[in-house]
1. Name the single residue, out of those in region 200-223 being under 18 Å from Gly82 (Cβ atoms) and aliphatic (A, V, I, L, M), that is most open to solvent (accessible area, probe 1.4 Å).
2. Please find, within region 318-346, the residue that is farthest from the chain's Cα centre (by Cα) out of those that are more than 13 Å from Glu403 (Cα to Cα) and among the aliphatic types (A, V, I, L, M).
3. Any chance you could count how many residues in region 592-618 are of a type in the set (A, V, I, L, M) and out of contact with any helix residue (DSSP H, G or I) (no Cβ under 6 Å at 6 or more places or on another chain)?
4. Any residue that is of a type in the set (A, V, I, L, M, F, W, C), within 30 Å of Thr480 (Cα to Cα) and touching a residue at least 60 places away in the same chain (Cβ under 8 Å) - is there at least one of those in region 390-411?
5. Do we have any residue at all in region 487-510 that's open to solvent by less than 20 Å² (accessible area, probe 1.4 Å) and farther than 23 Å from Met81 by Cβ?
6. Can you work out which of the residues in region 614-625 that are more than 12 Å from Ala345 (Cβ to Cβ) and either aliphatic (A, V, I, L, M) or at pLDDT 75 or above (or both) is surrounded by the most Cβ atoms within 10 Å (Cβ to Cβ)?
7. Give the residues of region 119-147 that are without any contact (Cβ under 8 Å) to a residue 40 or more places away in the chain, closer than 21 Å to Thr43 by Cα and either among the charged types (D, E, K, R) or outside any helix (DSSP H, G or I) (or both), sorted by residue number.
8. Please go through region 395-422 and give me each residue that is part of a helix (DSSP H, G or I), at pLDDT 85 or above, open to solvent by 10 Å² or more (accessible area, probe 1.4 Å) and out of contact with any Leu (no Cβ under 7 Å at 6 or more places or on another chain), ordered by number.
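The values are calculated or read from the model by the stated rules, or taken from the named source; none is laboratory data. Predicted model only: the values in this text are computed from it and were never measured. As a convention, Cβ positions derive from the backbone with ideal geometry for all residues, glycine included, and neighbour counts pool all protein chains shown. Areas reflect the complete protein model, heavy atoms only, side chains present, ligands, DNA and RNA absent. Shrake-Rupley method; radii C 1.70, N 1.55, O 1.52, S 1.80 Å.
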Amino acid sequence: MTDTPPHGHTAAQPDHEYSADELEALVREYDSESNFRRLVGPTAIFVTIASVALSLFHVYTAGFGLLNEVMHRTIHLTFVMGLIFLVFPRKRAHPTPRLWADSLIFAAFYLYILYDLYQALTPSGLRTGFTVVMLILIALTLPLNRKGADPEKVALRDWIFAAFGAGFSAYLAIFFKHIFIDNVGSPPEPVYMMGFVAIIMTLEATRRTMGSTLAYIGIACLLYALAGPYLPGILAHRGYSITRIVNHLFVGTEGIYGVAVGVVATYVFHFVLFGILAQMSGLGQLFIDLATIIAGRASGGSAKVSVVSSGFFGMISGSPIANTVTTGAFTIPMMKKAGFSGRFAGAVEASASCGGQVTPPIMGASAFVMSEMLGIPYNELILIAVVPAAFHYIAILLMVHLEAKRLGLKGLSKDKIPQFRAVLAKSWHLFIPLGVMVAMLLMQYTPFLAAFWGIILTIVFSYIPLVMRAFGNTSMDTSTVLTPPRLVRGFEDGAKFALAIGAACACVGFLLGMTTLTGLGFKFSAAVVQLAHDVATFVVAMDFTGMLSENGMALFFGLVFVAIACIVMGAGIPTTPTYIILASIAAPALMEFGVPLIATHFFVFYFGVLADVTPPVALAAYAAAGLARSEPMSTGTTAFRLSMGKALVPFMFVYAPSLLFVDFTPVQFVTALLSGLLGVLALSSAYIGWFRRDLVLWHKIALTVGGLFLISTNWIAITIGALLVLAVLAQPVPRATPA
């Protein structure tokens, strides 16, 4: 992972200014959630109007009161599902064999459940007509493209999908009283028909925005509910009819309109919109300037600027790829010029940018889901997340510092560091919206009300440069003013960036719904617990010292199995779906070992953050590689290894929940904090292979073992770990032999 020192520490490659089009192309290539069509003409006008309407709906309800949860979520999904098929292009102009295979599998599944539903419905002309229409809809899901078709162009098929996508949620909103009040518990047959449409369109929207992996998980959940009596052993259950499944998923808040979509519609959308408007008003550049002032002069200052600026930017953006591209356009060329290789520069930026999802006050969508699932007020979750976020960035800073020292790199020259007074004079007004929003969150106002005022104040205070110019102050940048055209663009982008996560959360509703219907979570938990105990029994039997206990080893292996599940699943789907799925079916397994609930969720959450730097689908790392002009896979591997310095941290949450302010005393907290910092330093040194000198193999082994011991709350284990680590780190540096 380490780099070869450059000759004379000259730039690896010349600095490069990235244009807005280049940055947009990178985001489109590596972030499927941002791969928007370039719309023109009446379609572009229609999408703009619908997107702005969706943003205004959320801003209004945030400030003046939410609707009842079902109505609020159905209106949200009406816009989201309708816009997805207009905004996102089909994946390929010329379908590949893989795309055909996927499409045929999904079409076969749709036909299977359509046949089951056809059998369950009362014979009538309505049933026949519905079946014919659905057969046509299923045929349209196949990648039958006209020769030379442009995937950027909205075809008739897309308009049909948009109508059906918007229609199934609009149906619930329009006939709300008829379905949820007049016929509660016994929905009429058209509800089952629209529920079937909802299943197809949710899976197709997920495929278009996220790829097939998450959609396959949705199919697997439905098949599991249907095939229960035929499954072996612990997986078996009574089985459910297609009408029961459709009713459970479509009517109420257990499935598609469950907690995941509720969180996006109630919290996430508002903060995504705030982040976009704040960045348009210049807050992103302010963060980069402040990071340069804070860290620029330190050893390897350019890389530390990358870490600090990514941390600042993460405060307003939970998107790791957007964070990577926004800050990386500035920091990656600067790191290469300072002497870091392109591979290492891209890896640092990608690894640091993933921390935005655990950085208060906004974090990522997963944090809002966690708040809802745990019933913990978001303002409390912000405080709990401070230590995890700090460990994330400390671990990366340590690795960057050690690498810079190993290469003998210096900080930035004085002329490249902005003057604090000049930055403050130019951008002081940008702190006010963020400060007010954070203050409101800490004062226990609802998150959506805090976001509402953050949005309003961002718009209002963006006009300060114009006001100051009227008084003769020309030092402030007036290009960041949110004029009506820029505000319309911001509202449109805010809606577009919320589309993919909306589809993903609707699809995750399949898993949540089937988990509650079949008890899948308890079955998975039982399997993990049993496997952990079996492995622990074997290991303890091999222990000749008698120091290991079966329960202790079972907990350790249970954590390892869940961590592996997080990393594997994170290699295929983004962080938020990964967190929701594993929090539903894997976190209960850790609770069986007596782990506090908040610690289990943070364990899953923290490992889920590694999704965007986990090869072979390390999307943030691949975007960084595009900026660094380095080989994507090696950049992803390096980013993953850079992240391993903080892989110890989730284990610390479990063994020392005092770090999450759970049942702790000051002594326990300080002990866990110090041992955790020493453990992270040990692993960082081991992975870099340097601490004041090059480390040999036995040094790295001792540091790794010592770091693992330091996560324990047992004083003997902590003492042994500390002695091992200090024995390596405290060794005197050999004197250079005179020439």
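1. For region 200-223, the residue satisfying everything is Met210.
2. My answer is Met334.
3. 2
4. No, every residue in region 390-411 fails to be of a type in the set (A, V, I, L, M, F, W, C), within 30 Å of Thr480 (Cα to Cα) and touching a residue at least 60 places away in the same chain (Cβ under 8 Å).
5. Looking through region 487-510, none of the residues is open to solvent by less than 20 Å² (accessible area, probe 1.4 Å) and farther than 23 Å from Met81 by Cβ.
6. Ala620
7. Once the filter is applied, which keeps residues that are without any contact (Cβ under 8 Å) to a residue 40 or more places away in the chain, closer than 21 Å to Thr43 by Cα and either among the charged types (D, E, K, R) or outside any helix (DSSP H, G or I) (or both), region 119-147 yields only Arg146.
8. Leu397, His401, Phe420, Arg421, Ala422
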